[in-house]
Amino acid sequence: MLIEILSYISTKFKEQFGMGINEYINKFRIKKAKELLNTENYTLDTVSSMVGYTDSRTFIRIFKKYEDTTPGKYRKSSV
């Protein structure tokens, strides 16, 4: 029963937003991370934690997937 409910929610979410729930969450996190990288002088570990990643390596990998660059290079290029 629970699996059917989750499947239904996932399907409706994708219909509404054009992407899966995980992709939506990752894009939201990366958007917030970019704001922090542009305006604050937090370490990458701190930014990673602030946007909800428990592992900075995962944060860097996901950031690079969506932005085609690492968070460190992004920060340097946006200065």
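Each Lys and Arg Cβ is given +1 and each Asp and Glu Cβ -1; about its Cα centre, region 2-51 then shows a dipole of about 120 debye. Look at the dipole of the chain built from charges on Cβ: of Val47, Ile25, Pro71, the Cα furthest out on the positive end belongs to Pro71. Between region 8-23 and region 41-62, how far is it from one alpha carbon centroid to the other, in angstrom? Each part's Cα centre sits 25 Å from the other's.
The length gained on full extension between Ser49 and Leu2, counted as 0.36 nm times the residue separation minus their Cα-Cα distance, comes to 13.9 nm. Please compute the Cα-Cα pair-distance distribution of the chain with 5 Å bins starting at 0, giving whole percents from short to long. Cα pair-distance distribution for the chain, in percent: 3, 16, 23, 19, 11, 11, 9, 5, 2, 1, 0. All other residues whose Cβ lies under 14 angstrom from that of Glu35 are scored, Lys and Arg at +1 and Asp and Glu at -1, for a net of +4.
If you build a Gaussian network model of the chain, linking Cα atoms that sit under 10 Å apart, which residue out of Lys64, Lys14, Lys34 swings the most? Comparing Lys64, Lys14, Lys34 in a Gaussian network model of the chain, the most mobile one is Lys14.
The phi torsions of region 48-59, fed into the Karplus equation with coefficients 6.51, -1.76 and 1.60 and a -60° offset, translate into couplings of 3, 5, 5, 9, x, 9, 8, 10, 5, 5, 5, 4 Hz, rounded to whole numbers, with Gly and Pro shown as x. Each other residue within a Cβ distance under 10 Å of Phe59 adds +1 if Lys or Arg and -1 if Asp or Glu, for a net charge of +2. Helix-only arithmetic for the chain: the sum of -39500 (n - 2.57) across DSSP H runs with n ≥ 4, divided by the residue total, places the mean residue ellipticity at 222 nm at -24000 deg cm²/dmol. The packing ranking, built from the mean of other Cβ atoms within 10 Å per residue, places the peptides 36-42, 57-63, 71-77 in the order 57-63, 71-77, 36-42, highest first.
Spin-label pair Asn41-Tyr24: with each label point 7 Å from Cα along the Cα-Cβ axis, the two points sit 3.8 nm from one another.
Only the coordinates and a few stated rules stand behind these numbers; no lab work does. Model, not experiment: these values are computed from the prediction. Virtual Cβ from ideal backbone geometry, glycine too; neighbours counted across all protein chains shown.
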